[in-house]
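Input: a single structure, listed below in structure tokens.
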């Protein structure tokens, strides 16, 4: 199941980048945005299934308060959910009402891509190492 999660995550990252490119060359259409939203929701289902099947890691020694708050699994999962799922869907759905200037729109979707990439890296390089 983890393999499908990685594949769908990479597909979503590629499509968010493609969405950003299409915005820059003015070829964006509403159907592509709806397809991207559907794929992000499918990604959410795979993530929830994958996260529910993984075992919780054991906390041995408590190093400090920051480690327990910012580097625990639940906090990482919330951050991944916000960066990889919630933010792209919100920006695509609210694109017309959020953006006043086309330049700001392009910067916004570039930032959405970068934040989705950060969410991907957090999930597959940090969270997976902490769970195993």
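Throughout, read-outs are computed from the coordinates displayed, never taken from laboratory work. Note that the coordinates shown come from a computational prediction; the quantities given were computed from them, not determined experimentally. Reconstructed Cβ throughout: ideal geometry from the backbone, glycine too, with neighbour counts over all protein chains shown.
Things worth noting here:
- Net length gained if the chain between residue 53 and residue 26 were fully extended (0.36 nm per residue, minus Cα distance): 5.5 nm
- Descending by average beta-carbon neighbour count within 10 Å, the peptides 25-36, 73-84, 101-112 line up as 73-84, 101-112, 25-36, the highest first.
- The length gained by stretching the chain between residue 7 and residue 94 to full extension, at 0.36 nm per residue less their Cα-Cα distance, is 28.7 nm.
- Gained length - residue 118 relative to residue 73, 0.36 nm times residue gap less alpha-carbon distance: 14.6 nm
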